DNA sequence: CGTGCGTTTGAAGTCTCTCAAACCCCGTGG
DNA sequence: CCACGGGGTTTGAGAGACTTCAAACGCACG
């Protein structure tokens, strides 16, 4: 039951009574299967439900007036990438699948009712949205201060960390079903340059990205290039 | 009473009972006066209180491993730039004043107690933190997709919008006590280039930034250069 | 009236982009 | 089973935006 992924992530960040977990579990609507590159919600939509990724990958993006697309973040099993819609309603960006994916849907009204009687759960979800914001801040640092290879390295390092926390990294390998053109949109680079960075990493044996799979050859080096601080630990507080 | 600035902003985004406002007002500790460039909280700090900017400017920043500083956001009267500390506790970035500023302090424990009995207020604060995140997302788009002048234009346009909402723009002029070196750190550019962009704007008569004051010569042009969509309105929902 | 931060200018260098074309893999259809 | 089509990847070369280095200048403050 991939719904456990959501629970797992929530519990990593917040202490929650079993009753709250149960209540949450009971309002997650039956799984929906999506194909690759399927839109989930679009900018401008007014949401009435939010989703949990149960398997597969998704990404959020926004297109600027001049038509360029910026990918804001990638999402993996356990993430609730449009949770903010519960409070803000109107989506300020797109959300789509990267690969085939299973998602669970949670109706806003039901969720509201649940949160009304379960302050700890409400707090946990607030926390999730703050952790989401913290990731955005790091992404700003990444775009603002690092070179092309640094940005790429950081992305891979962050992904490894998040996938690792969900038990989805084995043998320094993990799935990442992405195209170079999407990488370019995430990193603020051109496709051509992304390709060159990737090749450099490959020939230096520090990273290989092939057939939707990332193989880390030298994670130390990646973390260093990306200025990645693996001890970023904003989890359980209070 | 500059504390009204906080109320004003909160009310713009959320419908709140007077009792909630009163409760919040009553726990804001007496104003503290800070000089320019004074740290408020630092990365790594575990916060026990959060602040409201009552007058002046502040900014949040993070330094990457290679020593470069990235400014994440600027804050004005009414903002609660470290609100997330209430839930996350450990600060993942620095917060400091840009100019002389007055801030109000709110003790976390008192705030927690208040929120426990005032769900609408809790929700309003959650909303504030989500709006904060939305600004970060736009900033990512700005850094990832725009040229130097586009980024600068966007920053000015965003600032004008936020200051305008607080009644702090008159005659297409507003205070912005910043140095070019800080602009560089915010925009991910070098000081030299920031200077050149600013000069270009000046000679084209579309913007003048002098003595801590921004004068908009041609806001249309700025909004266009920055791809700024002034109709971004994520305010009152539900 | 210095001292120092902030701004301005010039020139050379480099990272990354754009353009353009070839290539490769893989699924589709004949 | 092979030809075809098309998205994705790779390569080359030239162009451009932005950086770095270095130095001068201006203005505010002690």
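The values are calculated or read from the model by the stated rules, or taken from the named source; none is laboratory data. For clarity, every value in this text was computed on a predicted model and none was experimentally measured. When we count neighbours, we look across all protein chains shown, and the Cβ atoms used for this are built from the backbone with ideal geometry, even at glycine.
Within segment A:165-189, the residues that satisfy the criterion of being in contact with a strand residue (DSSP E or B) (Cβ under 9 Å, 6 or more places away or on another chain), within 14 Å of chain B (Cβ to nearest Cβ) and touching a residue at least 40 places away in the same chain (Cβ under 8 Å) are A:182, A:185, A:186, A:187, A:188. For residue B:29, the conditions (1) under 18 Å from the mean Cα position of the chain (by Cα); (2) in a strand (DSSP E or B) are fulfilled apart from (1). Number of residues in segment B:97-108 that are assigned to a strand (DSSP E or B) and in contact with a helix residue (DSSP H, G or I) (Cβ under 8 Å, 6 or more places away or on another chain) equals 3.
Take residue B:208 and decide whether it is within 16 Å of DNA strand D (Cβ to nearest atom), in contact (Cβ under 8 Å) with a residue 60 or more places away in the chain and not in a loop (DSSP other than H, G, I, E, B). Break it down stepwise before answering.
Numbers: within 16 Å of DNA strand D (Cβ to nearest atom): yes; in contact (Cβ under 8 Å) with a residue 60 or more places away in the chain: no; not in a loop (DSSP other than H, G, I, E, B): yes.
In short, no.
Total residues in segment B:131-164 satisfying the condition of being touching a residue at least 12 places away in the same chain (Cβ under 8 Å) and either under 23 Å from residue B:84 (Cβ atoms) or more than 16 Å from DNA strand C (Cβ to nearest atom) (or both): the figure is 19.
Listed here are the residues, each with its yes/no results for (1) away from DNA strand D (no atom under 13 Å from the Cβ); (2) at pLDDT below 95.
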{"residue": "B:178", "(1), (2)": "yes, no"}
{"residue": "B:182", "(1), (2)": "yes, no"}
{"residue": "B:185", "(1), (2)": "no, no"}
{"residue": "B:201", "(1), (2)": "no, no"}
{"residue": "B:217", "(1), (2)": "yes, yes"}
{"residue": "B:227", "(1), (2)": "yes, yes"}
{"residue": "B:233", "(1), (2)": "yes, yes"}
{"residue": "B:238", "(1), (2)": "yes, yes"}
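Please verify whether residue A:127 is in contact with a helix residue (DSSP H, G or I) (Cβ under 6 Å, 6 or more places away or on another chain) and assigned by TED's automatic domain parsing to the domain that holds residue A:71, treating the condition exactly as stated. So residue A:127 fits the description; yes.
Filtering segment A:190-216 to residues that are within 14 Å of chain B (Cβ to nearest Cβ) and crowded, with 20+ Cβ neighbours inside 10 Å leaves only A:194.
Of the residues in segment A:165-177, at least one is more than 16 Å from DNA strand C (Cβ to nearest atom) and in a helix (DSSP H, G or I).
Residue-by-condition table, conditions (1) modelled with pLDDT under 95; (2) assigned to a strand (DSSP E or B); (3) surrounded by fewer than 23 Cβ atoms within 10 Å (Cβ to Cβ):
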| site | (1), (2), (3) |
| --- | --- |
| B:53 | no, yes, no |
| B:62 | no, yes, yes |
| B:66 | yes, no, yes |
| B:70 | no, yes, no |
| B:73 | no, yes, yes |
| B:86 | no, no, no |
| B:95 | no, yes, no |
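A single member of A:111, A:130 is buried (at least 21 other Cβ atoms within 10 Å of the Cβ) and either more than 9 Å from chain B (Cβ to nearest Cβ) or not in a helix (DSSP H, G or I) (or both), and it is A:111.
Kindly check whether there is at least one residue in segment A:71-90 that is more than 11 Å from every other protein chain (Cβ to nearest Cβ), away from DNA strand C (no atom under 16 Å from the Cβ) and free of Cβ contacts under 8 Å to residues at least 24 places away in the same chain. Before you say what the answer is, go through the steps one by one.
So in segment A:71-90, the residues more than 11 Å from every other protein chain (Cβ to nearest Cβ) come out as A:74-82.
From the residues that got through so far, the ones that are away from DNA strand C (no atom under 16 Å from the Cβ) too are A:74-82.
Right, trim to free of Cβ contacts under 8 Å to residues at least 24 places away in the same chain and you get A:75.
Among the residues of segment A:71-90, at least one is more than 11 Å from every other protein chain (Cβ to nearest Cβ), away from DNA strand C (no atom under 16 Å from the Cβ) and free of Cβ contacts under 8 Å to residues at least 24 places away in the same chain, which makes the answer yes.
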